[in-house]
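Here is the structure we will look at.
The values are calculated or read from the model by the stated rules, or taken from the named source; none is laboratory data. Worth saying up front: this structure is predicted, and the values here are computed from it rather than measured. Positions of Cβ are backbone-derived with ideal geometry, glycine not excepted, and every protein chain shown enters the neighbour counts. Accessible surface areas use protein heavy atoms only, side chains included; no ligands, DNA or RNA. Shrake-Rupley method; radii C 1.70, N 1.55, O 1.52, S 1.80 Å.
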Amino acid sequence: MVALVFGIIGGLLFSVVFGIAALVQIRKRGEKGRGLAIAGLTISGLWALLIVAGVVIAAMTSAERDSSGAITESGSLSVADLRTGDCLDGVADGEVSYTISAKSCSEPHDAEVITQFDLPTGAWPGRDAVSDKATSGCEKRLARLLSDSPMVDRLSGFILYPPDAASWGKDRSVTCLAVDTNGGKLAEKVKR
């Protein structure tokens, strides 16, 4: 019974150990419960297959970079792995998640990572203060970095993931993106 419960809740290691131990004891003593132990082991096997499939799918759908770090093949990318120069899709409406669609900048895209910077150390100043500092920092940097871009008239910036209270102690980074002010796609790199 214990093997089945751990199998159902995803406790693979415990399910396998208790399932094998139960089968050995059942065989020696002639007790009941063989079906429950086998069910627990079977469910654990299904969990293992699901985990392997998830890892394979994640690896197959991840964006790929060349030796210089430029994205060469579209796919998903963790927000923590974003680099200056990355081009992204799915951010035009300001809706973001912890993974994002990255693609080659030669393909039409919603946004480009223009710069990243860290906010000053110290105690957590609060969400509004962090947002204000991140916005101010991005605006200044984007104005300077994009002043010579041929697309400067149609660009605006916004922030992707300023730090939050939970991550403040170890990560105070802000990522600044450039997007088309008309909500359209960018057809090339904004900053060369």
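Loop-located trypsin sites (Lys or Arg not before Pro) across the range 146-176 with a Cβ neighbour count of 10 or fewer within 10 Å are 170, with loop assigned by DSSP. Computed over neighbours whose Cβ is under 9 Å from that of residue 74, the net charge equals -3, Lys and Arg +1, Asp and Glu -1. Within the same chain, lysines fewer than 8 places from residue 133 are excluded, and of the rest, those with a Cα less than 26 Å from its Cα are 170, 191. Seen from all directions on average, the chain presents a Cα convex hull projection of 15.2 nm². Rounded to whole numbers, the Karplus 3J(HN,Hα) couplings from phi for the range 170-180 are 10, 8, 10, 7, 10, 10, 9, 10, 10, 9, 6 Hz, using 6.51 cos²θ - 1.76 cosθ + 1.60 with θ = phi - 60°, and x at Gly and Pro.
Once the Cα atoms of helix 127-145 and of the chain are each reduced to a long axis, what angle between those two axes, in degrees from 0 to 90 to the nearest 10, is obtained? It works out to around 50 degrees. Report the one residue of 63, 111, 182 whose Cα lies farthest in the direction of the positive end of the charge dipole of the chain (charges on C-beta: Lys and Arg +1, Asp and Glu -1; origin at the Cα centre). It is 63, whose Cα lies furthest towards the positive end.
Scaled against the 2.2 N^0.38 Å expected of a compact globular protein of N residues, the Cα radius of gyration of the range 127-167 reads 1.36. Solvent-accessible surface of protein heavy atoms, probed at 1.4 angstrom with all chains present, puts 145, 49 in the order 49, 145, largest first.
Return the percentage of antiparallel bridges among DSSP beta bridges fully within the chain, rounded to the nearest 5 %. Of the beta bridges lying entirely in the chain, close to 95 percent run antiparallel.
Taking 14 Å as the straight-line reach from the Cα of residue 103, the aspartates and glutamates in range (excluding those fewer than 8 positions away in the same chain) are 64, 66, 73, 81, 86, 89, 112, 188.
Protein heavy-atom accessible surface, 1.4 Å probe, per residue over the chain: 60 Å². Apolar share of the accessible surface for the chain: 59 percent from carbon plus sulfur atoms, 1.4 Å probe. Applied to the range 17-28, the Karplus parametrisation 6.51 cos²θ - 1.76 cosθ + 1.60 on θ = phi - 60° returns per-residue 3J(HN,Hα) values of 4, 5, x, 5, 4, 5, 4, 5, 5, 4, 5, 5 Hz, with x for Gly and Pro.
Per-residue SASA remark: residue 171, around 70 Å² accessible (1.4 Å probe; ligands, DNA and RNA not included). Estimated purely from DSSP H runs of n ≥ 4, each contributing -39500 (n - 2.57), the mean residue ellipticity at 222 nm for the chain is -13000 deg cm²/dmol once divided by its residues. I need the Debye-formula profile for the range 112-192: one equal scatterer per C-alpha, no solvent, reported as log10 I(q)/I(0) at q = 0.11, 0.17, 0.21 1/Å, two decimals. Cα-only, vacuum Debye calculation for the range 112-192: -0.31, -0.66, -0.89. Placing +1 on the Cβ of every Lys and Arg and -1 on the Cβ of every Asp and Glu, with nothing else charged, gives the chain a dipole about its Cα centre of roughly 1120 debye.
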